[in-house]
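This report refers to the structure that appears directly beneath it.
Nothing in this text is a laboratory measurement; each read-out follows from the coordinates by a stated rule. In this text, all values refer to a predicted model and were calculated from it rather than measured experimentally. Note: ideal-geometry Cβ built from the backbone for every residue, glycine included; neighbour counts use all protein chains shown.
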Amino acid sequence: MFIQTEATPNPATLKFLPGRPVLEAGTLDMPTREAAAQSPLAEKLFDLPNVGGVFYGADFISVTKTDGDWQQIKPAVLGAIMEHYMSGAPLLAAEAQAAASDEFFDAADEETVTLIKDLIETRVRPAVASDGGDITFKGYKEGIVYLHMQGACSGCPSSTATLKHGIQNLLRHFVPEVTEVRPV
C-alpha cells in the first residue's frame, strides 16, 4: 500500500491520500479526542504525540498537529493509516449518524439560500477539499452568509482570505443580496 501526502495551505495540517475511498459520502471532522471515539483509525491517530485533529474526506485523511515537526510526526501517522487499512477494520466504529441540521435562515430567503448552497457545493467545496478541508453552509441572515470551516480550513492562516476574497466575492457576484461571509 502506498500513501501519498500533500501539503495544505494550513502548515499545521497534512493531507494523506491512501489511494482508496475513505468516506462514501460527506465528510467527518474530529477536532478532539472525544470526537475521535467514532472511528478506530482516528483514535489511533490521536494516540500519537502532537496529533490535534483528524478530518475524513471522500478520498483523503487530513491530520492536524498541535506541535512539533512533520518530519517526526509523519512516519507514525503513515504507519497508523497503513496498519488500519491492512487490518481490514471498519473506518467508523458504528454507522455514523447524520447530525441534525442546525441551519438557520428565514423561510422567505429559501430561494436565495438554495442558490448559495448550490454555489458552495459546486464551486467552493471541491476546491476546499483539494486543500484537505471542507466548508458547509450554516445560515443566512440579513445578507450575511455563515459558513463552518473544517479540517485543514479550520485555523488555517489563509482561511480569512479564502472567506473574504474568494467565497464572499463569488457569492456577491452570483447573489447580489449577499453582503458578507462569516465563519461560525
Under a point-charge model restricted to the Cβ atoms of Lys and Arg (+1) and Asp and Glu (-1), what is the dipole moment magnitude of segment 23-63 relative to its Cα centre, in debye to the nearest 20?
-> 120
With the convex hull built on the Cα atoms of segment 104-183, state its orientation-averaged projected area in nm².
-> 4.5
May I ask which residue of G155, L170, I135 lies farthest towards the positive end of the charge dipole of segment 104-183, with charges of +1 (Lys, Arg) and -1 (Asp, Glu) on Cβ and the Cα centre as origin?
-> G155
Please work out the ratio of the alpha-carbon Rg of the chain to 2.2 N^0.38 Å and round it to two decimals.
-> 1.08
Simple spin-label estimate for M82/D106, 7 Å along Cα→Cβ, in nm, reads 5.7
Which order do K138, K44, K164 fall in if you start with the one that has the fewest other Cβ atoms within 10 Å?
-> K164, K138, K44
So for the chain, taking the charge dipole from beta-carbon charges (+1 Lys/Arg, -1 Asp/Glu), which of L78, A93, P31 sits furthest toward the positive end?
-> L78
The local net charge around I73, scoring Lys/Arg +1 and Asp/Glu -1 for residues other than I73 whose Cβ lies under 11 Å from its Cβ, equals 0
Equivalent ellipsoid, segment 4-87 (semi-axes from 5 times Cα gyration tensor eigenvalues, Å) = 17, 14, 13
In percent, how large is the relative contact order of segment 4-87, given Cα pairs closer than 8 Å and 6 or more residues apart?
-> 31
Select from T64, T112, T122 the residue whose mean-square fluctuation is largest in a Gaussian network model of the chain (Cα-Cα springs shorter than 10 Å).
-> T122
Any idea what the dipole of segment 104-183 comes to, in debye rounded to 20, about its Cα centre with Lys/Arg Cβ at +1 and Asp/Glu Cβ at -1?
-> 320
In whole Hz, the Karplus estimates of ³J(HN,Hα) for segment 126-133 (6.51, -1.76, 1.60; θ = phi - 60°; x where Gly or Pro) are x, 5, 5, 4, 5, 9, x, x
When we measure straight from the Cα of K15, which aspartates and glutamates land under 16 angstrom away, once same-chain ones fewer than 8 places off are left out?
-> E6, D29, D59, D69, D131, D134
To the nearest 20 debye, the chain has a Cα-centred charge dipole, built from +1 on Lys and Arg Cβ and -1 on Asp and Glu Cβ, of 560
State the Cα centre-to-centre distance between segment 115-165 and segment 1-61 in whole Å.
-> 19
